[in-house]
Amino acid sequence: MSAAELRARAAGWIDDRLGFGAVRELMSHKVVPVHAATPWYYFGGITLFLFAIQIITGILLMLYYRPTVAEAFDSVQFIMTRVEFGWLIRSIHSWSANLMIFVAFVHMFSVVFTHAYRAPRELTWLSGIALLGVMLAFGFSGYLLPWNQISYFATKVGTDVAATTPAIGEALARFLRGGEDVGGATLTRFFAFHVIVLPLAAMLLVGLHLLLIQKTGMSTPPWMDRSRVRTMKFFPNFFLRELMVWYGALAVLGALAAIFPWELGEKADPFTSAPAGIRPEWYFLAQFYTLKLIPSHVWFLEGEMVGLLFFGIAAVVWVALPFWASNPDGSLRSRLVTGLGIFLAAYLAVFTVLGYVK
Amino acid sequence: MPVQESSKQSTQRTDGARADRKRRSLVSWLLGGGVAASLASFFYPVVRFLNPPAASEASVNEVAAGRVQDLKPNSGKVVKFGNKPALLVRVSETEWKAFSAVCTHLNCTVQYQDGRQQIWCACHNGFYDLNGAVVSGPPPRPLEEFAVHVRGDDVVISRRA
């Protein structure tokens, strides 16, 4: 028997038992539209790739990390100074987290500007937004884990903001902190969220998101005549291109991690004053800066509460996008959506920069 | 001569196909080599990361094991010797013994049995005498013995030179 025959027989044996044939059949039907906006299709895949890197590097970090007030900072320092390539693994984890959130935002805006959220893809949009929320929660919880000054005070501020939520604020803040104040209980809690709760939620949501995309197929922008758009097979044509893009993303990630290793800062000390330059991660900066601008009282309401109310309403409008984007006659309010998208992107960009500079 | 020409053409065609195959196999080799090299560069740091760095705790040569009056004759206790346990035994009013408390069989921590006046490992029922030598059970080697000095009220255990 030749090697090729042997391979074919082995493949057939596995196929008979696992039914990969059905999967291959499904894959062979998946196509990707080819047009001017095709490059935007890569961004979801890049987000997924970076998420995979987060899982791998996260597991590695867990081998040495210890989630207690006494040991957290020292264990991260140990990883960075004593464990071989520990600095690189941690640096990749931090950089990849930030790049992932950035790429997820790019993905979201590309979906908005190509109007890919429209029926029948409402659930894909909702699961994507939920994934973005999970990622932000990953960022918020992971930020505290090294237990350094900046992250400690940023978490105090962050959970304080949560406390101003009307009605449930106090309870929410207590739940997040595991008590009255940010301390050891917060650290173990955030650790549990970060390594168990959020990963499970993310996996389920990613599964749902991909399943929905498989079900509905890739969207083409509404201004294109779908029947006249060329397509490319997903497997292997698009997949190999995506692999090349991943290689590129990995190169960028590796270069950033090696050239600008993520800093550790100083160990958190609850009994010192907050150091200057306390600010959250960049993806919360726009909101952070907006809250800074609002006066302490607006009419009879507290300033924070007004800000949160405004963010809350904006978030609801944004999440519900697929449901109000169409006119009653079924035509798309594409100009309104595009305008809103541009406004939101500009607001986030400008206020993030302002929050960084000021 | 049309026949000759056609044979010439066909020779050229097979030559072309052969060159094409050669180029293809070269490209495959380059691609495969590139993928293999990048996989190696991903796994190398991971494997090195998995290898735990050597313990930072300096090896200890001497520890204070407590006070004389804390231990009655014909009794023993486990004390910390660096990051390993040691067994301190007060055999009689004046005679003291100390051993590494790590069983030479499978690393369980041993204890003193006052009834038999022997050292016992509960994991697999190994017995050592008060010189550390194996009496019965599976331990393959005797226990490492430490020196004991009584300085006033303090009992000090040290590694033998």
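Coordinate-derived values only; no laboratory data. Just so we're clear, the structure is a prediction, and the values are computed from it rather than from any experiment. Quick reminder, even Gly has a Cβ in these numbers, built from the backbone with ideal geometry, and neighbours come from all protein chains shown.
So here's what we get for this one:
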read-out: Dimensions (Å) - the protein assembly as shown, Cα atoms, principal axes, largest first; value: 107, 97, 42
read-out: Sites B:Arg151 and A:Arg82 - FRET efficiency at Förster radius 30 Å, r taken between beta-carbons, to 0.05; value: 0.25
read-out: Label point at A:Asp181 placed 7 Å out along Cα→Cβ; residues across region A:263-305 whose backbone nitrogen lies under 14 Å; value: A:269-274
read-out: Inter-centroid distance (Cα atoms) of region A:292-306 relative to region A:130-202, Å; value: 24 Å
read-out: With at most 16 other Cβ atoms within 10 Å, longest stretch of chain B clear of loop GluC sites (Glu not before Pro) (DSSP); value: B:1-56
read-out: Exposure rule at most 15 other beta-carbon atoms within 10 Å, DSSP loop trypsin sites (Lys or Arg not before Pro): chain B longest free segment; value: B:1-115
read-out: Low-density loop positions, trypsin sites (Lys or Arg not before Pro), region A:1-82 - DSSP coil, at most 14 other Cβ in 10 Å; value: A:Arg82
read-out: Pairwise FRET efficiency - A:Trp223 versus A:Ala8, Cβ, R0 = 60 Å, nearest 0.05; value: 0.80
read-out: Simple spin-label estimate for B:Tyr44 and A:Thr188 in nanometres, 7 Å along Cα-Cβ; value: 4.2 nm
read-out: Which of A:Val229, A:Phe20, A:Pro199, positive extreme of dipole for chain A (C-beta unit charges); value: A:Val229
read-out: Residues of type aspartates and glutamates that A:Lys267 reaches as a straight line, Cα spacing below 19 Å, ignoring anything fewer than 8 places off in the same chain; value: A:Glu71, A:Asp74, A:Asp181, A:Glu281
read-out: Peptide B:38-48, shielding by other chains (average Cβ, 10 Å cutoff); value: 3
read-out: Net dipole in debye of the protein assembly as shown [+1 Lys, Arg Cβ; -1 Asp, Glu Cβ; about Cα centre; nearest 20]; value: 1920 debye
